[in-house]
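Structure first, then comments.
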Amino acid sequence: MININKTYLKYPPIKINKRKLPDTLIWRPKPVFKDDYDVVMFKTDGSNSYSTMHCIKTSETVNNKKMPYLFVLLLLSKPRKQGLGKKLLQYATKMSEELGCGGRIFLGADPQFIPNEVPHIFYRKFGMNTESENVNNKLDKFIKEGKQATIKDFHKIKMYYPPVQAFPDSEVQPKKSFWNCIKGFFQNLIG
């Protein structure tokens with residue numbers, strides 16, 4: 001009720017807090033399948049820049065240890081080099097912690113989609129590595145020299161975050177078969 005003489009409002013006007021939108025917004029729809037997640041990130045600056053990621057909670061054997069990981073099956077940014085891919089990988093590490101994977105993620109760095117500028121360099125700059133010391137050293141050399149890597153330089157390879165122990169290609173630890181594990185178990189029991 002408004003009193004004209006005293007300009008008194010019975011209900012004071014609502015104060016609107018005009019906060020600035022963040023640079024990016026994330027949409028994570030409810031998973032359709034268990035342990036299967038989609039994430040979409042887009043810029044709020046009016047551009048059509050967005051990035052999408054598809055992840056699966058799984059386990060991975062690294063250096064003969066099986067641990068829970070978040071597998072990044074797909075990471076796509078359009079247009080590229082806008083910082084959205086990096087932000088999504090950071091989000092993936094947080095999501096990995098939330099899902100009980102301890103912040104561990106891995107992906108297959110695949111050169112076939114962008115053969116003239118493979119993603120391996122981008123993932124290495126993010127802090128990921130491979131189980132091959134030789135590939136890691138080659139990636140570091142490309143980064144140091146500012147060279148652009150192509151499909152001729154790198155093949156499809158798994159990359160991990162946080163970095164895993166790497167071995168020279170001649171010493172890459174072979175994956176133990178099921179039967180070798182059973183054999184080793186009984187050998188330890190007997191002797």
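The values are calculated or read from the model by the stated rules, or taken from the named source; none is laboratory data. Predicted, not measured: the structure shown is a model, and the values here were computed from it. Ideal geometry is used to build each Cβ from the backbone, glycine not excepted, and the neighbour counts take in all protein chains shown.
Are any of the residues in the stretch 125-141 of a type in the set (Asp, Glu) and under 21 Å from ARG80 (Cα atoms)?
Looking through the stretch 125-141, none of the residues is of a type in the set (Asp, Glu) and under 21 Å from ARG80 (Cα atoms).
Return a yes/no flag: does the stretch 131-141 have any residue that is of a type in the set (Lys, Arg), within 23 Å of MET67 (Cα to Cα) and crowded, with 16+ Cβ neighbours inside 10 Å.
So far as the stretch 131-141 goes, no, none of its residues is of a type in the set (Lys, Arg), within 23 Å of MET67 (Cα to Cα) and crowded, with 16+ Cβ neighbours inside 10 Å.
Looking at CYS101 and the list (1) surrounded by fewer than 12 Cβ atoms within 10 Å (Cβ to Cβ); (2) closer than 25 Å to CYS55 by Cβ, which single condition is not satisfied?
(1)
Read through the list (1) at pLDDT below 90; (2) surrounded by 13 or more Cβ atoms within 10 Å (Cβ to Cβ), then give the number of the only condition that LYS15 fails.
Unmet for LYS15, out of (1) at pLDDT below 90; (2) surrounded by 13 or more Cβ atoms within 10 Å (Cβ to Cβ): (2).
Any idea which residue in the stretch 29-40 is surrounded by the fewest Cβ atoms within 10 Å (Cβ to Cβ), counting only those that are touching a Phe, Trp or Tyr at 6+ places or on another chain (Cβ under 7 Å) and modelled with pLDDT of 90 or more?
VAL40
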